[in-house]
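All remarks here apply to the structure that follows.
The values are calculated or read from the model by the stated rules, or taken from the named source; none is laboratory data. Source: prediction; values computed, not measured. Every residue, glycine among them, receives a Cβ derived from its backbone with ideal geometry; neighbour counts consider all protein chains shown. Areas reflect the complete protein model, heavy atoms only, side chains present, ligands, DNA and RNA absent. Shrake-Rupley method; radii C 1.70, N 1.55, O 1.52, S 1.80 Å.
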Amino acid sequence: MIDSGGGDENAALDAAEVILARRLPVTVRGQCTSACANAVFAAGATRTIERAGFVSFHHSSPVIEANYQKLKEAVPDEIARGARRLRALYAARGVDPGILACAAAQIGLSDIQTQVTIPGEATPRAAWLSRHSLWLPHEATLRRYGLDFTRWGRPPSRRDVLARLRPPNPRAVVFGGAGDCVSG
């Protein structure tokens, strides 16, 4: 049972690898955003989204890795390792990793690198700018990319989704349509 606003990608991948190895089902009870969507939801032997539950994506290590490569810069080890693990997970579950590039396109992830300082850290990190924080794909889009699932009840309304996001910020959310991106 999942109700997660996401978090550290490596921790999510650790959980996803256990779910994958044990062939566990994943049920989204509330939200499954960010690293939860990228890794934990994808790992489920079966996937269920309960009434009012939703899944949302944003950037991911394979997309960030590709941005470093476009800029002909060395990919940091942590990013490269996360990208390899995520691609292996998707291959094992038959999920099209193109959904990650689709998510980046939907949130407006730029390939312009900038530096950000994380509160409590002294050294700035490389980052990419985006117009939006999260993309909530249409259920048909999830299925098209190999993320099949069972839905209990009707999908939540936009108002319900915005009320449940942590922290709520309606300007940071892109609600997807059935025709978003093309699986390749």
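For region 5-26, check the following and say yes or no: at least one residue is open to solvent by 10 Å² or more (accessible area, probe 1.4 Å) and in contact with a Phe, Trp or Tyr (Cβ under 8 Å, 6 or more places away or on another chain).
no
Table: residues versus (1) touching a strand residue (DSSP E or B) at 6+ places or on another chain (Cβ under 9 Å); (2) on the phi > 0 side of the Ramachandran plot; (3) among the aromatic types (Phe, Trp, Tyr); (4) not in a loop (DSSP other than H, G, I, E, B).
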| residue | (1), (2), (3), (4) |
| --- | --- |
| ASP3 | yes, no, no, yes |
| ASN10 | no, no, no, yes |
| GLU17 | no, no, no, yes |
| ALA42 | yes, no, no, yes |
| ALA45 | yes, no, no, no |
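Name the pairs: first residue in region 78-103 and open to solvent by 10 Å² or more (accessible area, probe 1.4 Å), second residue among the aromatic types (Phe, Trp, Tyr) and part of a helix (DSSP H, G or I), Cβ to Cβ under 9 Å, at least 6 apart or on different chains?
ILE79/TYR68; ALA80/TYR68; ASP96/TYR90; PRO97/TYR90
Residues that are over 19 Å from GLN106 (Cβ atoms), in contact with a Cys (Cβ under 9 Å, 6 or more places away or on another chain) and modelled with pLDDT of 95 or more: does region 77-90 have at least one? Can you show your working first?
Step one: of region 77-90, the residues over 19 Å from GLN106 (Cβ atoms) are 77-85, 87-89.
Still in the list and also in contact with a Cys (Cβ under 9 Å, 6 or more places away or on another chain): none.
No: region 77-90 contains no residue that is over 19 Å from GLN106 (Cβ atoms), in contact with a Cys (Cβ under 9 Å, 6 or more places away or on another chain) and modelled with pLDDT of 95 or more.
Of a type in the set (Gly, Ala, Ser) and in contact with a Pro (Cβ under 7 Å, 6 or more places away or on another chain), is that true of ALA45?
Details: of a type in the set (Gly, Ala, Ser): yes; in contact with a Pro (Cβ under 7 Å, 6 or more places away or on another chain): yes.
Considered against the rule, which asks whether it is of a type in the set (Gly, Ala, Ser) and in contact with a Pro (Cβ under 7 Å, 6 or more places away or on another chain), ALA45 comes out as yes.
Just need a number here: residues in region 52-77 that are under 12 Å from the mean Cα position of the chain (by Cα) and open to solvent by 50 Å² or more (accessible area, probe 1.4 Å).
So the count comes out to 1.
Does ALA42 satisfy being closer than 15 Å to GLU9 by Cβ and buried (at least 17 other Cβ atoms within 10 Å of the Cβ)? Even if it seems obvious, please write down each step before you answer.
On the way: closer than 15 Å to GLU9 by Cβ: yes; buried (at least 17 other Cβ atoms within 10 Å of the Cβ): yes.
Judged against the criteria, ALA42 is a match.
How many residues does region 137-184 hold that are closer than 21 Å to SER61 by Cβ, among the aliphatic types (A, V, I, L, M) and modelled with pLDDT of 90 or more?
2
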